[in-house]
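Scroll down for the structure; my scribbles are underneath it.
Throughout, read-outs are computed from the coordinates displayed, never taken from laboratory work. Keep in mind the model is a prediction, meaning the values are calculated, not measured. A quick note on method: Cβ atoms are made from the backbone with ideal geometry, for glycine too, and the neighbour counts reach across all protein chains shown.
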Amino acid sequence: MVPGRAVVRAMDFFETLIRYEVGLWNAVDGALRERGHVSAAQHHALTIIDRHGQTGRVLDVSAEIGITVGAASKLVDRLERADLVERRPHPTDGRSSYIVLTELGVSSLRAATVAREQVLAELLDPEVAATAHQALTALQARLDVVVPR
């Protein structure tokens, strides 16, 4: 134990982290919806698809969000029905397709990103968030070693 540092029980940390994550997610999701934008889940998926450019796949959405391929496929199906993305045939894999943003998807992503940043600026203390980000990055690195993906 380091002198002057409080010891936090692992379960206390875990429960606080989960409570905060869910609360923050719900606050952002609610604010996006109230302002007429896509949901937080849709925004997250659109961000991932945009990052992959013209070669994003359901598998990429699944891996980056941390959900099953089936759940990611359903999320992409909803995005497709809303005309936010379209599927294009994969040139070499007949079982797979690329997912790309439509014009509406691009504009929806941009507008929701601006709104999300505004909401986060209201909710987060920048210094505390920077410290938390550093700590969570270190914890994620340890988790990745202990439980490889």
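Could you compute Rg(Cα) / (2.2 N^0.38 Å) for the range 21-139, with N its residue count?
Cα-based Rg divided by the globular estimate yields 1.15.
Can you give the local net charge around LEU123? Use residues other than it whose beta-carbon is closer than 15 angstrom to its beta-carbon, Lys and Arg +1, Asp and Glu -1.
Charge balance in the 15 Å sphere: -4.
Assuming R0 = 30 Å, can you tell me the calculated FRET efficiency for the pair ASP125 and GLU15, based on Cβ-Cβ distance, to the nearest 0.05?
0.90
What percent of all Cα-Cα pairs in the range 71-149 falls into each 10 Å bin, going from 0 up to the bin containing the maximum distance?
15, 24, 27, 31, 4
How large is ³J(HN,Hα), in whole Hz, for each residue of the range 59-70 in order, when computed from phi with the Karplus curve 6.51 cos²θ - 1.76 cosθ + 1.60 and θ = phi - 60°, using x for Gly and Pro?
Each residue's phi maps through the Karplus curve to give 4, 5, 4, 4, 5, 6, 7, x, 10, 5, 4, x Hz.
Residues with amide H under 5 Å of GLY56's amide H, sequence separation 5 or more or different chain, H placed in the peptide plane at 1.01 Å from N; which?
For GLY56, the qualifying residues are ILE99.
Can you give the local net charge around GLU86? Use residues other than it whose beta-carbon is closer than 15 angstrom to its beta-carbon, Lys and Arg +1, Asp and Glu -1.
Every neighbour counted, the sum reads 0.
I need the calculated FRET efficiency for the pair VAL146 and SER39, taking r as the beta carbon distance and R₀ as 25 Å, to the nearest 0.05.
So the FRET efficiency works out to roughly 0.20.
Per-residue HN-Hα couplings for the range 123-138, Karplus 6.51 cos²θ - 1.76 cosθ + 1.60 at θ = phi - 60°, whole Hz, x for Gly and Pro?
Listing the rounded values in order: 8, 10, 7, x, 5, 5, 4, 5, 5, 5, 4, 4, 5, 5, 4, 5 Hz.
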